[in-house]
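Take a look at the structure set out below.
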Amino acid sequence: MTNGKTVLPMHNRILSSLREAVLFVRDDGIIMKGNDVAANVLSIESFDKQSIYDYFNFDLLKKSREVHQLMELRNQDRELIEVNSIQVSENSYCLLLHTLSFQDKAEEIKQYINENTAVGSEGIVMYGDHTIVDCDTVFSNMFGYAPEEIKGMEIRHLIDQKSLHKMERLCLTSENTYELIGVHRNGSKFHVEVIDYPYNNQGTIVRVASVKDITERIENENRIEYMAYYDELTDLPNRNFFHKVLQEAVSEAKESGEILSVFFIDLDYFKEINDTLGYTFGDQLLKACGDRLKAFLHMDTFIARMSGDEFLILQRNTPTKEAAVDLAERLIAEFERPIKMGEYEIYTSVSIGISIYPENGTNANDLIKHADSAMYVIKEKHRNNYNLFDSSISENFKMRLTMETELRKALKQGQFELHYQPQKNLNTGKIVGLEALLRWNHPEKGYISPGEFIPLAEKTGLIMEIGDWVLYESCKQNKRWQDQGYEPVIVSVNLSAKQFHQRSLVQKVKDILADTGLDPQYLELEITESMAMAHEDFILNTLHELRKLGVLVSIDDFGTGYSSFKYLSLFPITKLKIDKMFLNDEQRENKAIVKSIIHMSHSLNMKVIAEGVETLEQLTFLSKARCDEMQGFYLSKPLPAPQLTKFFVE
C-alpha cells in the first residue's frame, strides 16, 4: 500500500489482455480491479464500489493463502464457477474465475476427488433438496434413463426408501462419502457409492456428486462374508459364526442370568454310508440332515454345522436341564425317521452331547469342548442317545490326552517290550509256538495294562506304527532263537483291524520277513472273527496272498463273533483259537460248544488252540476233546524273551 492506495501486482494493460477472468479484491471484499472477462462472468458493467460479497461468500476464500473452490453465483441462474484465490499481500487477493458447463463440472469433480477409476465408470449429478438439477449420460445410463428424462426427477424415484432416509441423515453431517441402494428404471436394485463434492451453496442445498456402481464389489464382499460365516453345503451358519453368536450370548447371559445349552450333534454311521455310497451321496445326506435340523430353528435356537458330520445347536433361555433333555430327545426322535434319498431310505441316528452355561463352562470354547466330550462318551457306548456333561468326563479326557502324548514318546524312546506266552502241543507235549504280547513299561508308572493303551492307540492311528514294530521285533526275536540253536517254533502276532485292512499289508510282511531272515512258516498272524467276516472279497484276497507267502493265519477269540461256516470253508485259515470264556466249568453248554468247534475245525483241516487254560480240569477236558494246542497260566504267563529259554529244546 502506497499513500493509502493498494498497489496491484500487475499492470492494467497486462490485466486487460488476459483471457482468464481475473479480479483483485481487498480484504473487506471491495473489488479493486478486474478485467473485462471477469466483468462478463459476474455480469456487471463496472467494478466501481462493487463488493465481491454480492456475488459469493468471499469469507470461504480467506481461510488460506491459496484456495481452490467451486462457488455458486448469487444470480438468477445460480451458475457454478470455479474460483482460485491467491493472497497477494496482507490485505489483498487475486481471484481467477472460470465458468463451468456441466461436463466441465463433471471432469472437475473427478479430478478434485482424485478418483482413479476407469473412464465412464462414474456418473455426475447435481441435485437440490428433492430434485435432480442436471446429470451426465453415465449417471442417467446407470439408472436406465436418458439425461433429459432424469432432469427434474425427484430423487426418491432413484433411491431405495431406506437409503433415502440414510442420505437425508448424512447430508446433515460432514460425511461426504457413503453407500446407497439405487433403483433402476426396470425396478432392479443395485449398490452405488456417492461422493459429494464440497462447495459453498450460499444457503441453498445444491450438491454435485460422483456416483459409482459398486454392485459387483458389494456382492463379492457379501460372498466373502458368507464363506466366512456360512457352510455352503447345508446353508447353515458355520462354526465361526456359531462361536461368535455363542460368545455374545454368554456375555448377555452374564448380565441377565439366563441359562444356555449347547448341543454337539454327531451323525451315527455316516462314515459307513459315505464309504459305501460315495462322497456325493454323503454330501446329499448332510444337506438333508441340515434341512431336518432347520425345523428346530426358533427364536431361542441357533443351529450351525461344525464340520464333517457334526452340528451345533445353541438353546437360549433354557429354564431347566430337563428342557435341554427334552430338545435332545426330540432331535433323536426326528432322526429315527428314515431319510428318503432317491431310491434309498437311509436310516441314521444321532449322538448328542450337552453342556450347560454356567454350570459346565463360562466361555464359548469350554461350552463347545465339553458338549463335544459328552457326545464322544455316548457315541462310544450307545449311539442314538444323549449325554449331559459332567466333570469326570473332562478328567478322563485329560488323562487320555496325557496318555496319548506319552504313548507317542514310548514308541520313540523304546518303552515297549514284547512278552511271549508259550503254546503247547497236547499230543506231543512240546512247545510249538509263542504268542507275542505287547507290554508298555512306563519309566514312572511301571507296566501299563494293554487294555488302557491299545484302544487309544487304535483311535489315534498309532496302532499302525506300533503294530509294525511288534511284527518286526517278533520276527527278529524268533530268528535269533533259531540262530542260537533252539528248535524252531511259530511266533504268533495279533493284527489290529487297521493293520489288516491296509492295502500294503502283504508287501509289508514280505519285507519284514526278508529283513529279519525268518522263514514264513514260522510266522502266524492272528485276526479276529469280526475282521475276517467283513468286506469278504478284499479279506479273502489278502488271506490268499499271505498263504502264498507261506505265512500261517489264525482266527482269534473264535465263537464270540458271527462267523459263517460257509466263509470259514472258503478262507485259507490254518488255526482257530477258542476264546477262554468257553472254558468256564459252570456252564455245561460251553463244553458242547468247544467240542463242536474242535470237530468242525478238524473237518475243515484246521488246527484248534484253546487260550486261557488255568486248571488241570480244563487241560484234561481239552485233551479228551482232541484239542490240538493250549496256552494259559496253567502252562505259563507271558514272559520276556530271556526267560523263555527253559521251554525250548536245543
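What to note about this one:
- Note on segment 12-99: dipole from Cβ charges, positive end direction compared against PHE56, LEU23, VAL41; the farthest Cα belongs to LEU23.
- Extension gain, THR362 back to GLU168 (0.36 nm per residue minus Cα-Cα distance, nm): 65.4 nm
- Helix-only CD estimate at 222 nm, as mean residue ellipticity for the chain, using -39500 (n - 2.57) per DSSP H run (n ≥ 4): -12000 deg cm²/dmol
- DSSP beta bridges fully contained in the chain are about 75 percent antiparallel.
- Contact order for the chain, expressed relative to its length and based on alpha carbon pairs under 8 Å spaced 6+ residues apart, stands at 6 percent.
- Cα extents of segment 12-99 along the three principal axes, largest first (Å): 31, 28, 23
- q = 0.08, 0.11, 0.14 Å⁻¹, segment 416-647: log10 I(q)/I(0) [Debye, one scatterer per Cα]: -0.29, -0.56, -0.94
- Isotropically averaged projected area of segment 318-408, using the convex hull of Cα atoms (one quarter of hull area), nm²: 8.1
- Label separation (ASN91 vs SER603): 13.1 nm, computed from points 7 Å beyond Cα along the C-beta direction.
- Pairs beyond 23 Å (Cα-Cα), from LYS398/LYS445; LYS287/LYS459; LYS508/LYS637; LYS445/LYS580: LYS287/LYS459; LYS508/LYS637; LYS445/LYS580
- Annotation note: GluC sites (Glu not before Pro) in segment 210-266 located in DSSP loop regions with a Cβ neighbour count of at most 12 within 10 Å are GLU232.
- The trypsin sites (Lys or Arg not before Pro) of segment 378-468 that DSSP puts in a loop, and whose beta carbon has at most 10 other beta carbons within 10 Å, are LYS445.
- For the chain, the residue among VAL208, THR362, ILE155 whose Cα projects farthest onto the positive side of the dipole built from Cβ charges is THR362.
- Placing R0 at 25 angstrom, the Cβ-Cβ distance between VAL67 and ARG13 gives a FRET efficiency of 0.35 after rounding to 0.05.
- Prolate is the label for segment 479-553, because the ratio a/c of its alpha-carbon gyration tensor axes (a ≥ b ≥ c) is 1.5 or higher and a/b is greater than b/c.
- Anisotropy class of segment 230-389 from Cα gyration tensor, a/c 1.5 cut: prolate
- Axis of helix 450-460 versus longest Cα principal axis of the chain: the two differ by about 40°, to the nearest ten degrees.
- Working note: Debye formula, equal point scatterers on the alpha-carbon atoms of segment 472-512, no solvent; log10 I(q)/I(0) at q = 0.14, 0.24, 0.31 Å⁻¹ is -0.40, -0.86, -1.09.
- Along the chain, the longest continuous region that contains none of the chymotrypsin sites (Phe, Trp or Tyr not before Pro) in a DSSP loop with at most 12 other C-beta atoms within 10 Å is 1-561.
- Degrees separating the helix 161-170 axis from the principal Cα axis of the chain, which is the longest one: 60
- Listed values (1) 3, 17, 26, 25, 16, 8, 3, 1, 0; (2) 3, 11, 15, 19, 19, 14, 9, 5, 3, 2, 1, 0; (3) 3, 11, 13, 13, 12, 10, 8, 7, 7, 6, 5, 3, 2, 0, 0, entry calculated as P(r) over Cα pairs in 10 Å bins from 0, in percent: (3)
- Hits among aspartates and glutamates - C-alpha to C-alpha of LYS271 under 17 Å, sequence gap 8 or more where chains match: ASP283, ASP309, GLU310, GLU345, GLU380, GLU458
- FRET efficiency for the pair GLU614 and ASN441, taken as 1/(1 + (r/R0)^6) with r the Cβ-Cβ distance and R0 = 22 Å, rounds to 0.30.
- Degrees between helix 588-603 axis and first principal axis of the chain (Cα, 0 to 90, nearest 10): 90
Taken together, the values in this text are just the output of simple stated rules run on the coordinates, not laboratory data. Model, not experiment: these values are computed from the prediction. Cβ atoms come from the backbone with ideal geometry, glycine included; neighbour counts cover every protein chain shown.
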